[in-house]
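Structure first, commentary second.
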């Protein structure tokens with residue numbers, strides 16, 4: 001556990017970068033790939049029939065969620081200690097924002113479990129017809145998906161704070177910090193659009209552009225941590 005002892009060391013940064021990339025891989029599978037294969041928008045019956053036919057993939061998605069959230073907790077704490085010398089208040093706020101995101105993600109799994117239990121008839125609801133069970137299960141999946149709109153708000157706050165700390169630290173390229181700040185707002189734009197303006201094509205275009213920026217910035221930051229680590233000295237570090 002020696003690598004956890006010095007947040008300014010290259011070994012500490014490399015472990016943080018490796019965990020960050022693990023989050024990207026596990027999250028990409030559980031949040032994007034698995035739902036993309038299994039979900040049939042507007043057709044709960046087809047969705048749950050698809051899940052029943054690909055139960056292993058569904059459980060793999062849940063496993064990806066667990067791996068991602070576990071790594072998120074570690075990364076949240078490790079990033080706090082890395083950037084505490086820059087500004088302790090902003091670093092702690094960034095850590096709390098990311099942990100709030102994880103808490104929402106964990107709560108979303110309850111609705112996953114409820115919808116699956118309804119679709120599998122694991123819950124004895126004799127007064128409900130088959131159509132009613134599927135509709136209620138579909139509602140639970142909708143509530144689960146709506147949780148994304150909530151955690152993205154906390155993740156946006158985290159990225160804005162983290163990007164500020166990265167840009168001001170002098171330890172990492174300022175361009176990465178700027179990308180996290182600017183691109184991170186894409187998550188907020190996505191939540192606003194999906195909740196209030198689902199048909200707004202202008203917001204859709206802005207959201208996509210910002211999310212591309214933040215994806216490149218996050219992957220770049222993770223790779224920089226993993227391969228390069230912090231600069232040996234930070235003569236231009238500025239406390240915020």
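The values are calculated or read from the model by the stated rules, or taken from the named source; none is laboratory data. Because the structure is a prediction, the values reported are computed rather than measured. No Cβ is skipped: glycine too gets one built from the backbone with ideal geometry, and neighbour counts run over all protein chains shown.
Pairing each residue of segment 121-132 that is more than 14 Å from residue 45 (Cβ to Cβ) with any residue that is surrounded by 10 or more Cβ atoms within 10 Å (Cβ to Cβ), provided the two are 6+ apart or on different chains, yields C-beta distances under 6 Å for 123/117.
Select from segment 71-89 the residues that are surrounded by fewer than 19 Cβ atoms within 10 Å (Cβ to Cβ) and in contact with a helix residue (DSSP H, G or I) (Cβ under 7 Å, 6 or more places away or on another chain) and list them in ascending order. Give the steps one after another, and end with the answer.
So in segment 71-89, the residues surrounded by fewer than 19 Cβ atoms within 10 Å (Cβ to Cβ) come out as 73-74, 77, 81, 84-85, 88-89.
Within segment 71-89, 73, 74, 77, 84 qualify.
Among the candidates 68, 40, the residue that is closer than 18 Å to residue 144 by Cβ, loosely packed, with under 15 Cβ neighbours inside 10 Å and in contact with a helix residue (DSSP H, G or I) (Cβ under 7 Å, 6 or more places away or on another chain) is uniquely 40.
Residues satisfying the criterion are present in segment 213-220 (criterion: free of Cβ contacts under 8 Å to residues at least 60 places away in the same chain, surrounded by fewer than 21 Cβ atoms within 10 Å (Cβ to Cβ) and over 20 Å from residue 14 (Cα atoms)). Of the helices (runs of 4 or more DSSP H) lying entirely inside segment 21-131, those carrying at least 1 residues that are within 20 Å of the chain's Cα centre (by Cα) are 34-38, 55-83, 88-119.
Residue 23 passes every criterion in (1) surrounded by 17 or more Cβ atoms within 10 Å (Cβ to Cβ); (2) without any contact (Cβ under 8 Å) to a residue 40 or more places away in the chain apart from (2).
Does residue 153 fit the bill of being over 28 Å from residue 224 (Cα atoms), surrounded by fewer than 21 Cβ atoms within 10 Å (Cβ to Cβ), at pLDDT 95 or above and in contact with a helix residue (DSSP H, G or I) (Cβ under 8 Å, 6 or more places away or on another chain)?
No, not satisfied.
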